[in-house]
Every structure is written in C-alpha cells, then in structure tokens.
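Everything on this sheet refers to the single structure shown next.
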C-alpha cells in the first residue's frame, strides 16, 4: 500500500514535484505516466527512501517514509531506470551478494525461487556482463524481489528493450502485481494501457489526471468516434450525416465513401446513423466505433495544462 499526501520536492528554487496526492492498493498495478522530466523518477526516489521530500507525507506498506525510513526500505523492492549490476559476477553470485546485504533468510532457496519467477534459472551461472539488455532487466527484477517486498517500484522497466523482451517483462510484471502493490513509471502510453489497473498522469510535477485507462478514455472523450463506410462519395455522406442529433462533427475519412463522426457525450448515435444511411438507399459497408486512445488523452491533458500556464 502506498499513500501520498501533499508530496513536494524542490531542487534549490526549482520544483520537481508539487503537492502530489495519490494511493496504490495491494494487488494493484498503478501506472505513473508522464513525459521525460515530469517528476516520475523524483517521486520514486523519494518513495524508496533514496531522498527526502521537501514537504508532504507518504506511507509505504503502513510506515511513514521519513520517521520510519528503514522499515519502508525493508518492504520495498526497487528497479531503477539503470539497474546497478556487476558484470564480473555470475547471476547467482550477484543475487547472493544483494541478498546478503538485505540479510535474506534461506538465501540459496530464495535465489532459486526468484530466478524461476523471472525465467532466469537456466542462466544462473552466466556472467552478468554476457546477458542481453532484456535478461539484465529480469535480473534487476529478481534482486528487487529477493526480500519478498510488499511494494514494488519500477522505473521505466522496459526502456531500451526489443519488442519480444518488452512483452516478456510486461508479463512478469502483471504476474507480480497479483500479490503486491506495484508502482510502474513509464512514458510509453501503450504500456500503461496494457499493464496497469489505474493510471496517474503527471506533467510539470503535478498530477493532471487519475483513473483507470478505460474511465479516462470515457471521461475525457465523453463519447466515441465513429467510422462510417458506404457506397457513396465522401461529400454525399458528410451532407447526409451532418444533421444527425448527437453528432458534433463530421470529417472525411481516408477512403472514398468513408467519414469519421465525433459524438456528443453520452450519446450512442449508431442506430440513427445506420438507419439514415439505409433510408437514403446507400450500402452500409462498415460502422465502427473507436474510443479515444490513452495517447490522445495524455496529449490533450498536457496540452491543456501548458496552455493554461502560458495564459496565466
């Protein structure tokens, strides 16, 4: 469990994060989504005890971040953006070293368990320096799991990986999220949409939106976008559908006879659109809804905040 209230960090006179308020529950993967420099890494370093906040409070696994920092560190597993590995060690030697620092009981058995968890058992005797980027990320996850943490904090865990490696690391994260609280930072929008139960969007050090990916889509978009394809011309179809109640805009699509509709919030206009097309004697070839993507949400939210700051 993570509970954050009013968390603020200044570097000199410059604010890195300001008045952050959020929570993450056990068994939940929360995505911390924002552009580079938005404040994601600063927040994670504070939550892992790496640095203190300027003001505000945070409780991690039930312990106060400032007053009970050592208890917090015992219960947090952290995968930084750049994993601190020792290339001259073997995989098992590295985990034995990290486990000894954390005083993990029954260390040999625990190493075997985490290697199996991250699918690295067959590489236990390989030198760290000979591992691919994807395998090093898995090893970083293994060291973060050694002490059975209640909270797992992952900073850009798939950065620099190829598509196959990204899929594998995401699968592991989803499995880990069933048993513990996971806070996952990323600037990859599709990653947050696929992996996370809930998303926090941060920009310029402040949270500008928080909800499930699906709810963010419906709340911000308000409605759907519809693609309509018929046997008519674009111009004819646009004239036909411009007067449909609930349609806020009509624009031509990428194919002849195709238009894209934006609808008013809370209105499902598909039955009306279909009926109007058929009654006009046209062949309805396709009627497809397409909700706004998380990428569009992110761009709209950050653009609105930038515009408001510029205007203020």
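Would region 74-90 turn up any residue that is free of Cβ contacts under 8 Å to residues at least 40 places away in the same chain, in a helix (DSSP H, G or I) and either closer than 30 Å to residue 21 by Cβ or in the same structural domain as residue 160 (by TED's automatic domain parsing) (or both)? Explain how you work it out, then say what you get.
First, pick out the residues of region 74-90 that are free of Cβ contacts under 8 Å to residues at least 40 places away in the same chain: 82, 84, 89-90.
Remaining after also requiring in a helix (DSSP H, G or I): none.
Scanning region 74-90, I find no residue that is free of Cβ contacts under 8 Å to residues at least 40 places away in the same chain, in a helix (DSSP H, G or I) and either closer than 30 Å to residue 21 by Cβ or in the same structural domain as residue 160 (by TED's automatic domain parsing) (or both), so the answer is no.
Say whether the condition of being over 29 Å from the mean Cα position of the chain (by Cα), more than 24 Å from residue 50 (Cα to Cα) and assigned to a strand (DSSP E or B) is met by at least one residue in region 108-129. Scanning region 108-129, I find at least one residue that is over 29 Å from the mean Cα position of the chain (by Cα), more than 24 Å from residue 50 (Cα to Cα) and assigned to a strand (DSSP E or B), so the answer is yes. Among (1) in a helix (DSSP H, G or I); (2) in contact (Cβ under 8 Å) with a residue 60 or more places away in the chain, which single condition is residue 147 missing? Against the list (1) in a helix (DSSP H, G or I); (2) in contact (Cβ under 8 Å) with a residue 60 or more places away in the chain, residue 147 comes up short only on (1). Please enumerate the residues belonging to region 54-73 that are over 23 Å from the mean Cα position of the chain (by Cα), buried (at least 18 other Cβ atoms within 10 Å of the Cβ) and in a loop (DSSP other than H, G, I, E, B). Once the filter is applied, which keeps residues that are over 23 Å from the mean Cα position of the chain (by Cα), buried (at least 18 other Cβ atoms within 10 Å of the Cβ) and in a loop (DSSP other than H, G, I, E, B), region 54-73 yields only 65. Among the residues of region 207-214, some residue qualifies, meaning at least one is surrounded by 16 or more Cβ atoms within 10 Å (Cβ to Cβ) and modelled with pLDDT under 80.
Quick grid of which residues meet (1) out of contact with any helix residue (DSSP H, G or I) (no Cβ under 6 Å at 6 or more places or on another chain); (2) within 27 Å of residue 174 (Cβ to Cβ):
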{"residue": "19", "(1), (2)": "yes, no"}
{"residue": "22", "(1), (2)": "yes, yes"}
{"residue": "30", "(1), (2)": "yes, yes"}
{"residue": "42", "(1), (2)": "yes, yes"}
{"residue": "54", "(1), (2)": "yes, no"}
{"residue": "57", "(1), (2)": "yes, no"}
{"residue": "72", "(1), (2)": "yes, yes"}
{"residue": "83", "(1), (2)": "no, yes"}
{"residue": "87", "(1), (2)": "no, no"}
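Quick check: is even one residue across region 152-166 out of contact with any helix residue (DSSP H, G or I) (no Cβ under 8 Å at 6 or more places or on another chain), crowded, with 17+ Cβ neighbours inside 10 Å and assigned to a strand (DSSP E or B)? No, the conditions are met nowhere in region 152-166. Of the listed requirements (1) outside any strand (DSSP E or B); (2) surrounded by 22 or more Cβ atoms within 10 Å (Cβ to Cβ), residue 41 misses just one: (2). In the set (1) crowded, with 19+ Cβ neighbours inside 10 Å; (2) part of a loop (DSSP other than H, G, I, E, B), residue 105 fails one condition alone, (1).
The values are calculated or read from the model by the stated rules, or taken from the named source; none is laboratory data. These figures come from a predicted structure and were not determined experimentally. Neighbour counts run over all protein chains shown; Cβ positions are idealised from the backbone, glycine included.
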